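To start, the structure under review is shown below, and the notes come after it.
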Amino acid sequence: MKVENGMYVKIEYELYLADNDEVIDAGTLVYRHGYGEIFPAIERRLEGSSVGDVLDITLPPEEAFGEFDRELVKEIPLKYFEDKNVHPGQILRAQTVDGTILQFTVLDVKDDTVYADFNHPLAGETVRFKIRVLDINEEEPEHGCSCGGNCNCQ
């Protein structure tokens, strides 16, 4: 059986920065091919693959986590933070007026201002995925919890 539109595909992946051999993320996930659940460039490369195939895929920023956008670096008055012990490198969350939760990285704290980066942490990076196709099914796999099959509890 080959990976094609509508198939449920289970993959194991490792994520690297393109110029480094250190794994920065790894896991197993099930996705439905052709439904936009993973990066389109990876989906295109997986098309026609079989169980056991291993792919090494390098993606430029525009095909992965996006380009770094300077407009997403914001100055936030420290008074808006409940915990005033904010420091560079911290990953925090903010809630917008409409209730949306946004994650950001603290770049710096100067005087009473926090410099917050709302870009994805890998924005602007060329990344490499090593992917192994573990299973291909026409029917959605049965799974015992509400995670959608991507919690690695199976």
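Structure values in brief
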item: Where labels lie 7 Å past Cα in the beta-carbon direction, separation of ARG132 and ARG32 in nm; result: 2.8 nm
item: Unit charges at the beta carbon, dipole of segment 4-49: most positive-side option, TYR16, TYR35, SER49; result: TYR35
item: Net lengthening on full extension, TYR115/LYS2 (0.36 nm per residue, minus Cα-Cα); result: 35.9 nm
item: Order of GLU71, GLU47, GLU82 - criterion: other Cβ atoms within 10 Å of each residue's Cβ, fewest first; result: GLU82, GLU71, GLU47
item: Amide H within-cut-off set for ASP135, under 5 Å, with H built and near neighbours excluded; result: LYS10
item: Förster radius 25 Å - calculated FRET efficiency between GLU12 and PHE39 (Cβ-Cβ, nearest 0.05); result: 0.95
item: Residues of segment 96-136 with amide N under 19 Å of the 7 Å Cα→Cβ point at LEU55; result: 126-136
item: Theoretical ellipticity at 222 nm over the chain - DSSP helices of four or more residues, -39500 (n - 2.57) apiece, nearest 500; result: -1000 deg cm²/dmol
item: Tensor-based shape of the chain (alpha-carbon gyration tensor, a/c under 1.5 rounded, otherwise prolate or oblate); result: prolate
item: Peptide ranges 116-123, 84-91, 25-32 listed from the most packed, as the mean C-beta count within 10 angstrom indicates; result: 116-123, 25-32, 84-91
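FYI, it's all coordinate maths here, none of it is from the lab. All figures in this text were calculated on a predicted structure; none of them were measured in a lab. For neighbour counting, all protein chains shown are included, and Cβ atoms are generated from backbone atoms with ideal geometry for every residue, glycine included.
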